[in-house]
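Report on the structure given below.
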Amino acid sequence: MIIKIIIIGLLIFMIYNLFKALTLMNKNDPNKPSMTKFIGRRVMTSVVIVILLLLGILTGVITPNPRPF
């Protein structure tokens, strides 16, 4: 259960970074941090989520759906 909570938290963090980059892209203020900083965080968060999912499936903590055929 704890791994699912961590994954949901990471997904929320990823969506937050996506919208933060969107607001920076629309404002185009040179004094603010670059949009790529938040996009890079989003990409790294998605990599961490995929690794957590793979580790959870391999260790048996998360059970995938059964095959439909």
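A Cβ distance below 8 Å, combined with a sequence gap of six or more or placement on separate chains, defines the contacts here; from region 11-31, residues that are over 15 Å from V43 (Cβ atoms) and in a helix (DSSP H, G or I) reach residues that are modelled with pLDDT under 85 and open to solvent by 90 Å² or more (accessible area, probe 1.4 Å) in the pairs L24/K32.
Between I62, I3, the distinction of being surrounded by 11 or more Cβ atoms within 10 Å (Cβ to Cβ) and either under 9 Å from the mean Cα position of the chain (by Cα) or part of a loop (DSSP other than H, G, I, E, B) (or both) belongs to I62 only. Counting only residues that are open to solvent by 80 Å² or more (accessible area, probe 1.4 Å), at negative phi and not β-branched (V, I, T), region 26-41 holds 7 of them.
The values are calculated or read from the model by the stated rules, or taken from the named source; none is laboratory data. All of these numbers come straight from a predicted model, not from anything done at the bench. All Cβ positions, even for glycine, are placed from backbone atoms using ideal geometry, and neighbour counts span all protein chains on display. In case anyone asks, the SASA skips ligands and DNA or RNA and just uses the protein heavy atoms, side chains included. Shrake-Rupley method; radii C 1.70, N 1.55, O 1.52, S 1.80 Å.
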